[in-house]
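First the structure, in the form of structure tokens, and then the observations on it.
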There are 2 protein chains.
Amino acid sequence: MTKIVVIGGVAGGMSAAARARRLDENASIIVLDKGPYVSFANCGLPYHVSGEIPSRDSLLLHTPDTLKAQLNLDVRVNSEVTRIDREDKTITVNGPEGTYSLAYDTLIYSPGSKAATPPVTGLDHASVHWLRTVPEMDGLIARIEGRSEFDAVVVGAGFIGLEAVEALAHRGGNVTLVEFAPHVLPPLDAEQAEWVDRELRKYGVRVLTCTSVDAISDADGAARVRLSSGEELTADLVVMSTGVTPDTALAKDAGLELGPRDAIVIDGYLRTSDPHIFAMGDAAAMRQEIGDGDVIAPVPLAAPANRHGRRAADAALLGIGAASDRVADSHKAPRVLGTAIVRVFGLTAAMTGANRRTLNTQGVDHVTVHVHPADHAGYFPGAQQMHITAHFAKETGELLGAQIVGGAGVANRINVFATALKAKMTANDLADLDLAYAPPFGSAKDPVNMTAFVAQNILFGQMPVWYAEDLEKVAREALVLDVRSAAECDNGMIPGALNIPHTEVRDRIEEIREAANGRWIAVHCASGVRSYLATRILVGNGLDARNLSGGALTLGGVDPDWAGS
Amino acid sequence: MTKIVVIGGVAGGMSAAARARRLDENASIIVLDKGPYVSFANCGLPYHVSGEIPSRDSLLLHTPDTLKAQLNLDVRVNSEVTRIDREDKTITVNGPEGTYSLAYDTLIYSPGSKAATPPVTGLDHASVHWLRTVPEMDGLIARIEGRSEFDAVVVGAGFIGLEAVEALAHRGGNVTLVEFAPHVLPPLDAEQAEWVDRELRKYGVRVLTCTSVDAISDADGAARVRLSSGEELTADLVVMSTGVTPDTALAKDAGLELGPRDAIVIDGYLRTSDPHIFAMGDAAAMRQEIGDGDVIAPVPLAAPANRHGRRAADAALLGIGAASDRVADSHKAPRVLGTAIVRVFGLTAAMTGANRRTLNTQGVDHVTVHVHPADHAGYFPGAQQMHITAHFAKETGELLGAQIVGGAGVANRINVFATALKAKMTANDLADLDLAYAPPFGSAKDPVNMTAFVAQNILFGQMPVWYAEDLEKVAREALVLDVRSAAECDNGMIPGALNIPHTEVRDRIEEIREAANGRWIAVHCASGVRSYLATRILVGNGLDARNLSGGALTLGGVDPDWAGS
């Protein structure tokens, strides 16, 4: 009888345990968790704080009893593992009934992460909360229970931070969001984060970027929060969401190979440096079998953890090289793209693959595309605009990463980009994607096709571009040609720009040539479409014209006070 | 100056014309259309009939004037081309101002299709309408204008037929839908079409399958419709939507190579057998450069036509082998998957790639997967179930086709499948797809991942299956084991089945072994999940057990009167 011990009873660990039982009816499978709950919906916690998920019980997907009945698992809560003895293949457990040791043939190690703790004094104040476990959620709700109005400070504008902001605002909180980075949702590129920032402000959230918390002290039971700017805030509640760090002290003691951030290094089969121990989730960093074998940093997201739990059980029980591997090399090298999505009030923000910062750090030569298509045919009621930023390799046209902020249809298109990334598709491939179209659901040229068309235009020279981040330099050296209508320009123009509506460009070429007076022409409109037509006309007339990628809608991300419609 | 003549001013033709202008500011570009409108939203017509798109003008995306102003196109409506002279590279046009000839360097030929006319007498009756052009839509609306109640017969349950049914029902029509095939939406597999059929009936539509119309005659101004069943219906309105056929008489006269259904044969660059003539859309059939070079039948859908129009202009003006081709072979062989989606009242039905009929006809050895996941995490409010049928190649695990019927999230997942098909992904690849997850948008194991997990289980032997279509045979030769709860079984069971809830299977193995008495065990539950667990327990105990793919929810498609919850 195979003895399988699983450390960690959420996401990866529980997926592995359930799959192991389905593969081996006779194995002994013991699941240990140091907390009081297993298999709880950790991604649902903020939505119970808000009240959107009314029942606390619905977050508790399973209990040790239901897991016993359905899957014959021996689940032990409040049981902390204090030692892994790899030589003897035993672990030491500190549980409700004392300390004991357990032998394993296979150890599935999914300990997760712990909250990263910034150097802030006063984090032990009663107003300071985290939102990663059911007891932490309970404590946070207890703090605001019965208050119809309260002041809250959320520290950290990542996924959980934004979900906490939304939840607290729904409950009546006046929320201040403090973020150390230059913009909210740091994994997004700046021009995309700008949309999220505006949405937060629209709903009354005070957003402080480039700011950290220095100290928290008591103010008659409330918290006095001192910021790096010197400002002091008083808050009934402080939520810390400043990221996570792998919880791997046990692995370190056991001598398992560790990588970036002390995460456990695993291969494509989720094997650690010990062939009898598999790891996954927030605590693990995968050695990529694609490319140069680099170890990537841990990706603390629920979906890969769940998938990897299942895979680890397959590898452990079916063996490496088993039938399930016969098909494809790709199966050996899952590519974690960090695909993620978050709802922020009426907006949805999503991302997959590399962002600009990563590409620049790695020195990857790329072009960037900005488009603002509607989620479905404009003539069908209810179309909503989305903002897409996508990066493509300059030499090969391969998609490198994409981000979308918008309303309806964002999840749809980010999933298409994520699938395309896994398949290493190029702009040409994306241009040919045969996606579902009927007026309520899409456009004959889907937003993903449109992104690819623009990428082709840039990559193959049909559309020379300039980027919003270079506005200052461009305004100095080029003639800025604004091809929006005169009415649109009434709301503001780039200083020094010449306005000629795009339908008049053909007839006024000489006027433009004279105004340019040898300078290149920096064309723009609101979204980049009309200015693309104008750029083609100018280029066709022998002028050096370039189009502002994404138009004024993207420029708004650079200078929020100046944004076209 | 390059002379480009475009025949057909919608979808493919207009996409080609617009792209041609953007590529060549100086070309002469003339667009001819035999109808009064160009660039109209043909996919939107049913939604103006229903009133959901209130403004008729919003369907007319462009006029010759706006196309002149924006793109300097010379658009001539009510202008029919009567002859293509390939030797002289001229065409003969019959327009409002008489007959004349035009020379071309490149001819873009996008004539579209005409309605397929079944052998029905009386199609000239005033009550008989089509819904493919703006004038046809106007005529149809005029027929029902002012009536708050009316009887309608829709002939043909394809995409436009279903959209017409929905529109007429919205307008107060009592609708009978007549379909020659054994089920509505014939491109779907039967078990998926069943959901659409139920939805139609739920909204009061009378659905007659395996039925055709023999004759239409007059009944005091209304139509008397005689069906193949002998039944006669009286209707104020008959809508014909029995498919389309390529409109290629002109191409035939000109001696262009024709393929299936007399469609114009084109290559991956949209070139016809004449290097100066490009074709696309409903009238064209592409020679696949993947595989054995077969010519596929025409795919009369708007999205490929639009994309191919752009591609044809690229090929004509940038040349074959230009910069835009340098990246990928895939660019040479767009793979039209027939991805399609349709809204039917509260349901959405979508498909991509091959269905069971095609696979069986082509003799492709495959396995089929049925799953019924929710569009997002079940603990988050508003989750809606979707029904997925997917086919995978038995030997390689490659995805061959997928269909989804459900509510929210259908477009999202069909697009992922379509992207995966283009990339020739396998079940293993799909299992590793890194898709967007947060509770409002998905699940940690996305519906696409779940489909792949089940495919892996079938392909690699963890889950032997039986299929609903074999029910009769299975009930004769196997012990049917129903592992739903006793309460669920109160609403009906397969005759002769043994009910043992899945959580009791482990303890009652011997009872099951005795009942089977040497027969194999045909396990099932409602959706296939609990019975999968039970199957694994039985197999783990040495019994020959197989799981009903998709559970009773799929069985319902075989026998609608017997369906589990």
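The values are calculated or read from the model by the stated rules, or taken from the named source; none is laboratory data. Since this is a predicted model, take the numbers as computed values, not measurements. Don't worry about glycine lacking a Cβ; one is built from the backbone with ideal geometry, like all the others, and counts go over all protein chains shown. Quick note on the areas: whole protein, heavy atoms, side chains included, nothing else; ligands and nucleic acids left out. Shrake-Rupley method; radii C 1.70, N 1.55, O 1.52, S 1.80 Å.
Can you give the extra length, in nm with one decimal, that the chain gains between residue B:3 and residue B:78 once fully stretched, where that is 0.36 nm per residue apart less the Cα-Cα distance?
Computed gain between residue B:3 and residue B:78 is 24.9 nm.
Distance cut-off 21 Å, Cα to Cα: go down the list A:424/B:424; A:34/A:252; A:3/B:445; A:394/A:424 and report the pairs above it.
From the list (A:424/B:424; A:34/A:252; A:3/B:445; A:394/A:424), the Cα-Cα distance tops 21 Å for A:3/B:445.
What's the magnitude of the charge dipole for region B:128-242 around its Cα centre, counting Lys and Arg as +1 and Asp and Glu as -1 at the beta-carbon? Answer in Debye, nearest 20.
Computed charge dipole of region B:128-242: roughly 100 debye.
Note the angle between two axes, namely the Cα long axis of helix B:302-318 and the longest principal axis of the Cα atoms of chain B, as a number of degrees from 0 to 90, rounded to the nearest 10.
So the helix axis and the longest Cα principal axis differ by about 50 degrees.
If we hang a label 7 Å off Cα along the beta carbon direction at residue B:66, how far is it from the matching labels on the other copies, in nm, shortest first?
List, nearest first: 5.4 nm.
When the chain is fully extended, how far beyond the present Cα-Cα distance does residue B:424 get from residue B:217, taking 0.36 nm per residue of separation?
69.4 nm
With r defined as the distance between the Cβ atoms of residue A:490 and residue B:396 and R0 fixed at 56 Å, what FRET efficiency is calculated, to the nearest 0.05?
My answer for the efficiency is 0.35.
What does the charge dipole of region A:346-459 about its Cα centre add up to, to the nearest 20 debye, if the Cβ of each Lys and Arg holds +1 and the Cβ of each Asp and Glu holds -1?
Around 280 debye, computed over region A:346-459.
Take residue B:174 and residue A:276, extend 7 Å from each Cα along the Cα→Cβ direction, and tell me the distance between the two endpoints in nm.
Placing both labels 7 Å along Cα→Cβ, they lie 7.7 nm apart.
Using only protein heavy atoms and a 1.4 Å probe, how much accessible area in total is buried between B and A, to the nearest 100 Å²?
8200
I'd like the carbon and sulfur percentage of the solvent accessible area for the protein assembly as shown, probe radius 1.4 Å, heavy atoms only, ligands and nucleic acids excluded.
After summing per-atom areas, the C and S share lands at 49 percent.
Would you mind checking the tilt of helix A:134-144 against the longest principal axis of the Cα atoms of chain A, expressed as 0 to 90 degrees and rounded to 10?
Taking Cα atoms only, the helix is inclined about 60 degrees.
Relative to the other copies, what are the label-point distances for residue A:206, with labels 7 Å from Cα along the C-beta vector, expressed in nm at one decimal and sorted shortest first?
Taking the point 7 Å beyond Cα along Cα→Cβ, the inter-copy spacings are 6.9 nm.
What residues qualify as long-range amide H neighbours of residue B:498, i.e. H under 5 Å apart, gap of 5 or more or another chain, H built at 1.01 Å from N?
Counting only residues 5 or more places away or on other chains, the set is B:480, B:481, B:482.
Which residues belonging to region A:27-42 lose at least 10 Å² of 1.4 Å-probe accessible area when the assembly is complete, relative to their chain isolated?
A:41
Dividing the alpha-carbon Rg of region B:1-58 by 2.2 N^0.38 Å yields what?
After normalising by residue count via 2.2 N^0.38 Å, the value is 1.40.
Using a 10 Å cut-off on Cβ to Cβ distances, tally the other chain neighbours for every residue of B:417-427 and report the average as a whole number.
If you average over the peptide's residues, the count of other-chain Cβ atoms is 6.
What is the ratio of the Cα radius of gyration of region B:346-459 to 2.2 N^0.38 Å, where N is its residue count, to two decimals?
Normalised Cα radius of gyration, region B:346-459: 1.01.
So what is the accessible area of chain B per residue, in Å², with the probe set to 1.4 Å?
It amounts to 36 Å² per residue over chain B.
Stokes-Einstein D for the protein assembly as shown at 37 °C, 0.692 mPa s, Kirkwood Rh over Cα pairs, in µm²/s?
In µm²/s, the coefficient rounds to 103.
From other protein chains only, count the Cβ atoms within 10 Å of every residue's Cβ in A:342-348, then give the mean.
2
Send over the Kirkwood Rh of chain B, from the inverse of the averaged 1/r over different Cα pairs, rounded to one decimal Å.
After inverting the pairwise mean of 1/r, the radius is 26.1 Å.
Once the label point is set 7 Å along the Cα-to-beta-carbon vector, what list of distances in nm do you get between residue A:230 and its counterparts in the other copies?
9.7
Relative contact order (percent) for region B:128-242, with alpha-carbon contacts under 8 angstrom and 6 or more residues of separation?
With pairs under 8 Å counted, the relative contact order is 32 percent.
What shape does region B:432-538 have by the C-alpha gyration tensor, where a ≥ b ≥ c are the square roots of the eigenvalues, rounded means a/c under 1.5, and otherwise prolate means a/b greater than b/c and oblate the rest?
prolate
Placing +1 on the Cβ of each Lys and Arg and -1 on the Cβ of each Asp and Glu in chain A, which of A:453, A:407, A:300 has its Cα farthest towards the positive end of the resulting dipole?
A:453
Could you list, bin by bin from short to long, the percent of Cα-Cα pairs of region A:74-213 in 10 Å steps?
10, 31, 24, 17, 15, 3
Provide the percentage of antiparallel DSSP beta bridges, counting only those with both residues in chain A; round to the nearest 5.
55
For the pair residue A:228/residue B:519, report the inter-label distance in nm, with labels modelled 7 Å from Cα in the Cβ direction.
About 7.3 nm, to one decimal.
Taking Cα atoms, how many degrees apart are the long axis of helix A:11-23 and the longest axis of chain A, rounded to 10 and kept between 0 and 90?
60
Suppose we keep just the DSSP beta bridges with both residues in the protein assembly as shown; what percent of those would be antiparallel, to 5?
55
If you take the charge dipole of the protein assembly as shown about its Cα centre, with +1 on Lys and Arg Cβ and -1 on Asp and Glu Cβ, which of B:2, B:64, B:216 is farthest toward its positive end?
With unit charges placed on the Cβ atoms, the residue in question is B:2.
In whole angstrom, how far apart do the alpha carbon centroids of region B:379-454 and region A:5-42 sit?
25
Using the crude model of +1 on Lys and Arg Cβ and -1 on Asp and Glu Cβ, and no other charge, please compute the dipole size for region A:465-558 relative to its Cα centre, in debye to 20.
220
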